[in-house]
Amino acid sequence: MRYRTLGGLRVSVIGLGAMPLSIEGRPDEERALATVHAALDAGVTLLDTADSYHLPGAEPGHNERLLARALAAYGGDTSGVLVATKGGRGRPAGGDWTVDGSPRHLKAAAEASRKRLGVEAIGLYHLHKPDPDVPFEESVGALRELLDAGTIRLAGVSNADADQIRRAREILGEKLVSVQNRYSPAVRDSEPELRLCAELGLAFLPWSPLGGLARSSLDGPSRTEGREHLAAFHEVAAARGVSPQQVGLAWLLARSPTVIPIPGASRPATARDSAAAADLLLTKEEQARLDEAAEPVRV
């Protein structure tokens, strides 16, 4: 495993997105725990969760409690593991994702997350999504209060644009350490935010980092529509004898030294495969080929 810096902490270059372990189609608890343990065995030290990762209308905080159980049951050293969670979204019955960035909600949500995780302070807490009905400064101000109160140690913002990141930095200063936006070979709308993170020294955590890699011209005619250009990721993978997902993660790591992908997994083999991308170093020729094949930046 290789490592990068996040808020002064040393974390694995590949994290684990734990959402698939708690939402629709989730595995049973035995396999879920085994998946987390497989990631830890592979050297992963960044686990990403949120209070809203649960089935619609049921068991708020399911994913946080699951990670707490997984860490407690793990036989190895977990002192270097950073659990990052998020607040500001909900999943009521019906399956819709709601947004509540009010300070009152965020402060209560963070305290509930802290208790579910069983920690004195949350290592890293993200505003899950800006609330269009709440001034952004008020939501970020709640994170500042949580930092001052010792409920959280470090803060981040998710699904934020470049202007919001700058405004968050003004309020949080050096305690703003990360940005979690969607970014993958198929979705590159956050290219400006990625560049800004490099400029400000913030970690950039791509969510859904493997978007598009399940489909390419190598997968047969039934799965080619709109993804033919990503075949290069599969071709490089075939030549290297690794999965296309590993190639995609290696490509992301090469995009910027601030990038720390958090691919999801719902089985141990997938967690191990993603972690192995840390050791896959692309050649300049491969990187250039994949840069050309990835979705063009449209901003």
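Surface composition of the range 1-58: carbon and sulfur atoms hold 49% of the protein heavy-atom accessible area at a 1.4 Å probe. Measuring against 25 Å, Cα to Cα, the residue pairs Lys86/Lys284; Lys86/Lys115; Lys107/Lys175 contain Lys86/Lys284 as the ones spanning a longer distance. Ordering Glu111, Glu286, Glu292 by accessible surface, largest first, gives Glu292, Glu111, Glu286; the 1.4 Å probe counts only protein heavy atoms, with every chain in place. All Cα-Cα separations within the chain were binned at 10 Å from zero, giving a P(r) of 6, 28, 36, 23, 6, 0, each value a whole percent of the pairs. Packing order of peptides 190-197, 115-122, highest average first: 190-197, 115-122 (average count of other Cβ atoms within 10 Å over each peptide's residues).
In terms of its alpha-carbon gyration tensor, the range 53-111 comes out oblate; a/c meets the 1.5 threshold, while b/c is at least as large as a/b.
In terms of packing, defined here as the mean over residues of other Cβ atoms within 10 angstrom, the peptides 275-283, 199-207 line up highest first as 199-207, 275-283.
Simple point charges give the picture: +1 on the Cβ of Lys and Arg, -1 on the Cβ of Asp and Glu, and for the chain a dipole about the Cα centre of about 420 debye. In the chain, the DSSP beta bridges split such that about 20 percent are antiparallel, to the nearest 5.
The antiparallel fraction among DSSP beta bridges confined to the range 26-143 stands at about 20%. Taking 0.36 nm per residue of sequence separation and removing the Cα-Cα distance, the Glu292/Ala121 pair yields an extension gain of 57.2 nm.
The values are calculated or read from the model by the stated rules, or taken from the named source; none is laboratory data. Not measured: the values here are computed from a predicted model. Glycine also receives a Cβ, built like all others from the backbone with ideal geometry; neighbour counts cover every protein chain displayed. Ligands, DNA and RNA are excluded from the accessible area calculation, which covers all protein heavy atoms including side chains. Shrake-Rupley method; radii C 1.70, N 1.55, O 1.52, S 1.80 Å.
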